[in-house]
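Visitor: Below is the structure I would like to discuss, written out as structure tokens.
No value in this document is a laboratory result; all are computed from the given coordinates. Predicted, not measured: the structure shown is a model, and the values here were computed from it. Cβ coordinates were reconstructed from backbone atoms using ideal geometry, including for glycine residues, and neighbour counts include every protein chain displayed.
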Amino acid sequence: MASYSTLISVAELQALRAAGAPLMVFDCSFELMNPAAGEEQYRDAHIAGAVYAHLDHALSDKGTPDGQGNYVPHPDAASGGRHPLPSREKFAVWLSSVGFSNEMQAVVYDRQGANYCGRLWWMLKWAGHEAVAVLDGGLPAWQAMGGDVRSGTEPSHFQSNFELGEPLRRLATTKDVAGRLGGPGQTLIDARANARFKGDVEPLDPVAGHIPGALNRPFALNIGPDGKFKPATQLREEFEQLLGGRDPATVVHHCGSGVSALPNAIAMEVAGLGPTALYAGSWSEWCRDTRLPVERG
């Protein structure tokens, strides 16, 4: 049975389902400015059998409220920032709770141009699970091909026992990024919109700007007019132009909070230029440390 580790087409997913392959589909739809909207979208329509993966609850460890609109991260969180990564162990507990097991193929999707499902794709790799792929084109592509869609909720799955493996992707910390800043062994790619990158606007974080020396590639540039990832050859040309001779293996992706950076990471792998690292704390963690440098323009 074929295994998929970057992208999977609607036809390929339909073939896996028809063959009875062990798999689980995850709907990761989310709206940053309205955190309840993604789950509402899921209940309105989702791929039949899909499990909902909430960015704030399942794919982040936001800690406890401090009474002032902020959160105090749990001490075992794997990163800081606005969407702290949960520990690998806590993530494994969630995977087990929804019935995901090591022999399954994972397929992740959203309806926001792969902006959110990439988080789960990366986290599964980080948990040691290679067989995870993004449904190319997301829910719109599935619906366009007449795929089975349901509304409401899905029956709960039996508890499984997902076992962590060696991480297959590297998580970079603030200490890692700061320690290699300006050196040849690190190439930072920031996935935020150009106006935020330059520091012209900052709607979410307390400081505007970017990490010194970072390159800018807004995540939406990876998606073509058809809502799917651009062809591998085109992505390779675009990233090679951006890198300007820098070694792709030195790339560390980041964004505002470690979520929208992932379409860039996926695109580099589609292009044959990965795997690369993720700075999950991203700008929201970096800019809260006044000792760290900030660049604008």
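Visitor: Report the FRET efficiency, 1/(1 + (r/R0)^6), for Ala18 and Thr153, where r is their Cβ-Cβ distance and R0 is 30 Å, rounded to 0.05. Can you show the working numbers first?
Guide: On the way: r = 24 Å, r/R0 = 0.81.
Efficiency at R0 = 30 Å is approximately 0.80.
Visitor: Mind listing the long-range amide H neighbours of Met24? Cut-off is under 5 Å, sequence gap 5 or more, other chains count too, H placed in the peptide plane at 1.01 Å from N.
Guide: Gln105, Ala106, Val107
Visitor: Expressed in whole Å with the largest first, what are the equivalent ellipsoid semi-axes of segment 79-228 derived from the C-alpha gyration tensor as the square root of 5 times each eigenvalue?
Guide: Output for segment 79-228: semi-axes of 31, 23, 14 Å.
Visitor: For segment 171-286, what are the per-bin percents of Cα-Cα distances with bins 10 Å wide, up to the bin holding the maximum?
Guide: In order of increasing distance, the bins hold 15, 49, 31, 5, 0 percent.
Visitor: Run the quick spin-label model on Asp176 and Thr64: label points 7 Å from Cα toward the beta carbon, then report their separation in nm to one decimal.
Guide: Simple spin-label model gives 2.9 nm for this pair.
Visitor: Please report, for the Cα atoms of the chain, the Rg to one decimal and the Dmax as a whole number; what are they, in angstrom?
Guide: Looking at the chain, its Cα Rg and Dmax stand at 18.5, 55 Å.
Visitor: To the nearest 10 degrees, how steeply does helix 232-243 sit against the main Cα axis of the chain, on a 0 to 90 scale?
Guide: 20
Visitor: Any lysines with Cα under 19 Å of the Lys125 Cα? List them, leaving off those in the same chain fewer than 8 positions away.
Guide: In chain and number order, the partners are Lys90.
Visitor: Moving to a separate point now. Kindly point out, ordered by number, any Cys in the chain whose beta-carbon has no other cysteine beta-carbon under 4.7 Å away.
Guide: Cys255, Cys287
Visitor: So what are segment 223-293's ellipsoid semi-axes, whole angstrom, largest first, if each one is the square root of 5 times an eigenvalue of the alpha-carbon gyration tensor? Each step should come with its number before you reach the end.
Guide: Working: eigenvalues 125, 43, 18 Å².
Output for segment 223-293: semi-axes of 25, 15, 9 Å.
Visitor: Let me ask something else. Kindly give the semi-axes, whole Å and largest first, of the ellipsoid equivalent to segment 38-138, taking each as the square root of 5 times a Cα gyration tensor eigenvalue.
Guide: Working: eigenvalues 111, 60, 29 Å².
Listed largest to smallest, the semi-axes of segment 38-138 are 24, 17, 12 Å.
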